[in-house]
Amino acid sequence: MQRRRLSSLVLSLLLAACALAAPAHASVTLGALDTPGEAYEVAVDGTVAYVADGSGGLRIADVTDPALPFELGSFPNPSFGGARDVVVAYPLAYVAQGQTGLVIVDVSNPAAPALVTTYDPPGGGVAVDVELAGSLLLVADSHGGLRLVDVSVPALPAEIGAVSALGDVSDVELQGAVAWLATATGIHAYDVSVPSSPQFLSNPSGFVYNTVEVVGHRLYTDALDAWDVSDPAAPLPLSNATGRIGDFEIDGERVLGTVGGGFAIADLGDPDRPVRFGDMQTCGWRAIEVAGGFAYCTDLFDDFRVWDVSDPMRAHEVASLPLAGNDVRVLGRHAYFAGTDGLSVIDVTDPTAPAVVGTLNALGGAGHVDVWAGVAAIGVSGGIGLANVSNPAAPSLTGFIPLQGSGDTQLRGDLLYVAAGLDGFRIYDVADPLSPQLRGAVPFGSYTERVVVQDDVAYTTTVNDRLRIFDVADASAP
């Protein structure tokens, strides 16, 4: 049985790596199946996929032909709450069902999965993640720590051990006899070879994490953090961050990511051993753009700041402006800043002396911005504003595309690619900004928030961490 787990960080890195490094048509969507819920996790057993679909319960799909997946059956009983994770040991599926705890389902007949039993962690626990090793089930209880459950008799699951003094546990990863836990009190390792008496091994970090992954002898988290865990009792730090990733830029073999109240730089020359240079804690965490050896970053509650990152070992701030916002793009001599006051155009000819040269606040606060050949696409509440910025000192509104919310935007020539919130993924022809025309659309079942386009391939993510890849060579039929 194969299990596929994609945290928000992994999805974001995959999105950026594909968009920045992959040749045209290197990846295309083989197929997709839109489930009614949020699709938190998926386990694959042979040609059958089992989806922990949040409010949609457990969904079972045939993926024999990846281009044409179809649903075989479901176990959506709403009384069991949201399905957060699933592992399968045929003919049984073990589902972490939040406040209901653990649900064990017989999936021998995929068209009619049947309840075997439920297990409710003591004290009103909330099951958010599960791992299975033989007849031992590890349950991450976000309210009660780690639960070790004997499922040798599936109809009679019995707790045989627990680790409760951890704070909330959001994720568990089992490597041999070692359980790695992402908790409110950091990363913890426990030896569970004797399930009735789990033994503490190490706590390499006290930072709050949501996700932990172990690949070989490397441990990674949902921040720019990595450890060598060849000896679980004495993990060796490879890179350490101080927060989870917000936005990031890949610059050659370096990744600059916003974390906590600033950003971090890591060298990815050796992907197996990322080298952390350090944190720049006075640079905003909302967005970051790298151009010409300088990093331009912003924060909703802080200033627009410029850092010299030409030498990552000696990165330092060179300038700032009192602007608060969400996004920034740099094109040529100007930075285009989406902020609480709308669009600001900043002259960065001399990055050490940035100056606002033009503003456009006709649409109110802006969340996203992209610029191409004198046109700016500005994401605001209720849609996308199109502006003429050929004269940076006097940007002017030329058109508007109404949407049910808007996420990211990408302008490429006359085409505007939009992560259109509740309207899914959309492509508009903006050759005439006064009258933008819808060219193609793909509706999603959840809020679409990010899009990156490289050549004829578009990569989108949704608020529930789904990655979708589209061939957009024909904009009318993505």
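Taking segment 349-373, which residues are closer than 20 Å to Val318 by Cβ and buried (at least 23 other Cβ atoms within 10 Å of the Cβ)?
Pro354
Do the conditions hold for Asn361, that is, is it among the polar types (S, T, N, Q) and over 24 Å from the mean Cα position of the chain (by Cα)?
Against the criterion (among the polar types (S, T, N, Q) and over 24 Å from the mean Cα position of the chain (by Cα)), Asn361 qualifies.
Among the candidates Gly98, Gly46, which residue alone is modelled with pLDDT of 85 or more and at positive phi?
It is Gly46.
Of the residues Gly385, Gly365, which single one is touching a residue at least 12 places away in the same chain (Cβ under 8 Å) and closer than 21 Å to Arg412 by Cβ?
On inspection, the qualifying residue turns out to be Gly385.
Within segment 72-131, which residues are aromatic (Phe, Trp, Tyr) and either assigned to a loop (DSSP other than H, G, I, E, B) or not assigned by TED's automatic domain parsing to the domain that holds Leu174 (or both)?
Once the filter is applied, which keeps residues that are aromatic (Phe, Trp, Tyr) and either assigned to a loop (DSSP other than H, G, I, E, B) or not assigned by TED's automatic domain parsing to the domain that holds Leu174 (or both), segment 72-131 yields only Tyr90.
Taking the stated definitions as given, is Ala165 surrounded by fewer than 22 Cβ atoms within 10 Å (Cβ to Cβ), over 28 Å from Asp62 (Cα atoms) and either within 25 Å of the chain's Cα centre (by Cα) or at pLDDT 90 or above (or both)?
no
Against the conditions (1) surrounded by fewer than 24 Cβ atoms within 10 Å (Cβ to Cβ); (2) closer than 18 Å to Ser197 by Cα; (3) not aromatic (Phe, Trp, Tyr), where does Leu156 fall short? Just the number, please.
Among (1) surrounded by fewer than 24 Cβ atoms within 10 Å (Cβ to Cβ); (2) closer than 18 Å to Ser197 by Cα; (3) not aromatic (Phe, Trp, Tyr), the lone unmet condition for Leu156 is (2).
In segment 137-153, how many are assigned to a strand (DSSP E or B) and either among the hydroxyl-bearing types (Ser, Thr, Tyr) or buried (at least 21 other Cβ atoms within 10 Å of the Cβ) (or both)?
Adding up the residues that qualify gives 10.
If only one of Ala32, Ala67, Ala49, Ala39 is assigned to a strand (DSSP E or B) and either closer than 29 Å to Ile469 by Cα or within 23 Å of the chain's Cα centre (by Cα) (or both), which one is it?
Ala49
If you check Ala127 against the conditions, is it small (Gly, Ala, Ser) and in contact with a Lys or Arg (Cβ under 8 Å, 6 or more places away or on another chain)?
Considered against the rule, which asks whether it is small (Gly, Ala, Ser) and in contact with a Lys or Arg (Cβ under 8 Å, 6 or more places away or on another chain), Ala127 comes out as yes.
The values are calculated or read from the model by the stated rules, or taken from the named source; none is laboratory data. For clarity, every value in this text was computed on a predicted model and none was experimentally measured. A quick note on method: Cβ atoms are made from the backbone with ideal geometry, for glycine too, and the neighbour counts reach across all protein chains shown.
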